[in-house]
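A quick write-up on the structure given underneath.
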Amino acid sequence: MTEPKLSIVDLTKRYAADLDPAVDRLNMEVEEGHLVALLGPSGCGKTTTLRMVAGLMDPTAGSIVVDGKEITHTPVNKRGMGMVFQSYALFPHMNVEQNVAFGLEMRQVTKAEQKARVAAALDMVQLGHLGKRQTKELSGGQQQRIALARALVVEPTLLLLDEPLSNLDAKLRETMRTEIRAIQQRTRATTLFVTHDQDEALDMADRIAVMNGGLIEQFGSPTEVYERPRTHFVANFIGQANFLAARVGAETGRANLAGESHYKVEVDGLGQFGAIGSTGLSGSSHELVIRPHRLNVSLHPGAAQAPLAGTIERVSYTGDALAVAVRIGDQQLHAQMLTSSGDLPRIGDAAYLSWAADDAYLLPAAAQPVRLAA
Amino acid sequence: MSSANASSAKIFKPRFNPAKPAFGVLVFLLYLFLLAPLLIVFVVSFASNQYLSFPPEGLTLKWYEMLPQESTFMEGMKVSLIVAVIVTLIVLVLGVPAALALDRFEFRAKAAVQSFFLSPLLIPSIVLALGMVLLFGPLELNNTYAGIIIGHVAITIPFVIRTTLMSLATTDTSCEAAARILGADSWTVFRRVTLPIIQPGVIAGGVIAFIVSFDEAVISLFVAESGLPTLPVQVLRYVENSADAAVAALSVILILISLAVVVVVERVMGLRKALR
């Protein structure tokens, strides 16, 4: 493997000696040209990590290495990075061109070259015609693009994005995330992207670092963190999930080339099922994760083999989706159904659930004591 | 429920609301009350009365013609202008960084430092003035420009700190972080980003400091009455000795100067925005 663009080694930040660290011995490697999302709830340490990489905050311990050079204590203005802030942080007293040119001016680029590069950067974000405008005359989405142009025009070593989409309305947010991703792929800028929005992370990132309590719970591709969550937190935070406490019985065979096995598992009150998980889980208790849309729901028995019979407790219809909560014994399972123009299922109707063994995933970490749902 | 009330209120709303003209009259009377002294001074300055009194017996420009010959006024004006200009420069140079430090840094006794800087607003100036005379005596600062200037700096710095802090409170600190990341060193960040953003507050503070210093009588009277009288001190002396309307004419000139300063600053940099 080639040398990583960014390595973070045991990075730690403690705001006060008597507090838990905000970031706790964090390790991460980012490949050149990748967009890595730091994803987690507020207070998980993602923004602190980004600010340490930017140099806006001093780490308590650990090191940050970019292109093989340690920059842990390099001053902010010597790191050559580009950053887009949640508030955009455009200079209110400068027009659009002056904003974008600021970083080039600091690098003592000639006037003529500044002009050309500013124009190219503004064209890249499709705002070439707004160069002379004052920034406060622009819409949120336009300000966002100017901020992106300002960060990218200096050809930064790393592009740092701090919740750049959270001040935009829902429709615009989706457009901008496609656009930011396209620009990032075109410029091949290695990017760290802080977000609390799992959809954003799944849609945009090459790798996702799911953070919680100052730690990375899992670092992997979007499909890895979604399909193969390592912990309860990851499974719960990314997408929706049903959790069932399962006693893992015998291995029933190799499931795939990734070294996973099929198991027989037993869930209290529901019975015995097939499941998939990493090898060597037999004989202990693990949590079974089933995504709502992987549950087959039928309103009539007999469609699937040995379905679980239950009662519909809740129906949530949002036009393109139909979610139901089904009570089976003392378990409530969430499932998704296809919507049709016909009658909606009603509360109290009988429902029959089944799932494929490959869609019931055993978390590798030992089952943890029940936590309060977030 | 409240919306139902509101809509019924709309339906039965009388076409003529007597509260509106009543409010207008009230506002007019309030302004009249506030501006009456100024108006009277203005009228008196054109009155031909022998002594400072109201109402006027006739109209004249003689008090205005007298002013250039009154050397004490001209001397006082010179002293006051020199003091006010230097005081304004000093309080800006001291006050703006002080406000920045108070806004941006956490340090021990921050609240105490903040109160200390603002305390001259709360202490009667006569107490301050007395203290200064006693302190300046052994330092040989009485009756010097340095003495007056130090006194005025002490009472005007709270204004600059206050207005600058107000501007800082509404600025986005990310702008400074953005500039640093783009390669600017601390001084460049201050010069190119922070200062332009807080400029309205700084200008407002400077204007207030200038006017307060130019206008200040108590400290000037105590510290430099005999040796270096400022314009307010000269006015005071003049009123003690003579009772003609030349001071009224002078007052009108001073009002016009202050007005001119405010109008020019408003036109050039937008004081209204600064004092918002």
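Taking every residue in segment A:322-347 that is surrounded by 18 or more Cβ atoms within 10 Å (Cβ to Cβ) and pairing it with any residue that is of a type outside the set (D, E) and at pLDDT below 80, at least 6 positions away or on another chain, the pairs with Cβ-Cβ distances below 6 Å are A:L322/A:T339.
Please specify each residue of segment A:330-351 satisfying the condition of being at pLDDT below 80 and of a type in the set (D, E, K, R). Of everything in segment A:330-351, just one residue is at pLDDT below 80 and of a type in the set (D, E, K, R), namely A:D343.
Of all residues in segment A:108-121, none are charged (D, E, K, R), exposed (fewer than 15 other Cβ atoms within 10 Å of the Cβ) and within 30 Å of A:T175 (Cα to Cα).
If the condition is being outside any loop (DSSP other than H, G, I, E, B) and of a type in the set (S, T, Y), then segment B:236-262 contributes B:Y238, B:S251, B:S258. Elements of the type strands (runs of 3 or more DSSP E) sitting completely within segment A:32-127 and holding at least 3 residues that are more than 11 Å from chain B (Cβ to nearest Cβ): these cover A:35-39, A:61-66. Scanning segment A:296-329 for residues that are modelled with pLDDT of 85 or more and acidic (D, E) yields one hit, A:E313.
Here's the yes/no breakdown for (1) more than 14 Å from chain A (Cβ to nearest Cβ); (2) touching a residue at least 60 places away in the same chain (Cβ under 8 Å); (3) part of a helix (DSSP H, G or I):
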{"position": "B:A184", "(1), (2), (3)": "no, no, no"}
{"position": "B:Q199", "(1), (2), (3)": "no, yes, yes"}
{"position": "B:V223", "(1), (2), (3)": "yes, yes, yes"}
{"position": "B:S226", "(1), (2), (3)": "yes, yes, no"}
{"position": "B:Q234", "(1), (2), (3)": "yes, yes, yes"}
{"position": "B:V265", "(1), (2), (3)": "yes, yes, yes"}
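Whether any residue in segment B:134-142 is outside any helix (DSSP H, G or I) and polar (S, T, N, Q) is what I want to check. Yes, segment B:134-142 contains at least one residue that is outside any helix (DSSP H, G or I) and polar (S, T, N, Q).
Those residues that are of a type in the set (D, E, K, R) and either over 24 Å from the mean Cα position of the chain (by Cα) or within 19 Å of A:Y361 (Cβ to Cβ) (or both), I need them from segment A:289-339; list them, please. Hits for segment A:289-339 are A:R291, A:R294, A:E313, A:R314, A:R327, A:D330.
Please go through segment A:128-150 and pick out each residue that is in a helix (DSSP H, G or I), out of contact with any Leu (no Cβ under 8 Å at 6 or more places or on another chain), away from chain B (no Cβ under 14 Å) and touching a residue at least 12 places away in the same chain (Cβ under 8 Å). Within segment A:128-150, none qualify. Regarding B:R162, is this residue within 14 Å of chain A (Cβ to nearest Cβ), touching a Gly at 6+ places or on another chain (Cβ under 9 Å), crowded, with 16+ Cβ neighbours inside 10 Å and of a type outside the set (G, A, S)? Here the answer is no, as B:R162 does not meet what is asked. Just checking, does segment B:78-96 include any residue being buried (at least 18 other Cβ atoms within 10 Å of the Cβ), polar (S, T, N, Q) and either more than 20 Å from B:T144 (Cα to Cα) or in contact (Cβ under 8 Å) with a residue 12 or more places away in the chain (or both)? Yes, there is a match, as at least one residue in segment B:78-96 is buried (at least 18 other Cβ atoms within 10 Å of the Cβ), polar (S, T, N, Q) and either more than 20 Å from B:T144 (Cα to Cα) or in contact (Cβ under 8 Å) with a residue 12 or more places away in the chain (or both). Identify the residue in segment B:110-146 that is under 20 Å from the mean Cα position of the chain (by Cα) and closer than 15 Å to B:L221 by Cβ and, among all such residues, is modelled with the lowest pLDDT. Residue satisfying both the conditions and the ranking: B:S125. Of the residues B:A98, B:A129, only one is among the small types (G, A, S) and under 30 Å from B:S174 (Cα atoms); which? Of the residues listed, the single one that is among the small types (G, A, S) and under 30 Å from B:S174 (Cα atoms) is B:A98. Any residue in segment A:224-243 that is small (G, A, S) and in contact with a Phe, Trp or Tyr (Cβ under 8 Å, 6 or more places away or on another chain)? Yes, segment A:224-243 has at least one match. Scanning segment B:30-65 for residues that are surrounded by 10 or more Cβ atoms within 10 Å (Cβ to Cβ), farther than 17 Å from B:L254 by Cβ and in contact (Cβ under 8 Å) with a residue 40 or more places away in the chain turns up B:A47, B:N49, B:Q50. What about A:G274, is it of a type outside the set (D, E, K, R) and assigned to a loop (DSSP other than H, G, I, E, B)? Here the answer is no, as A:G274 does not meet what is asked.
The values are calculated or read from the model by the stated rules, or taken from the named source; none is laboratory data. Predicted, not measured: the structure shown is a model, and the values here were computed from it. Glycine also receives a Cβ, built like all others from the backbone with ideal geometry; neighbour counts cover every protein chain displayed.
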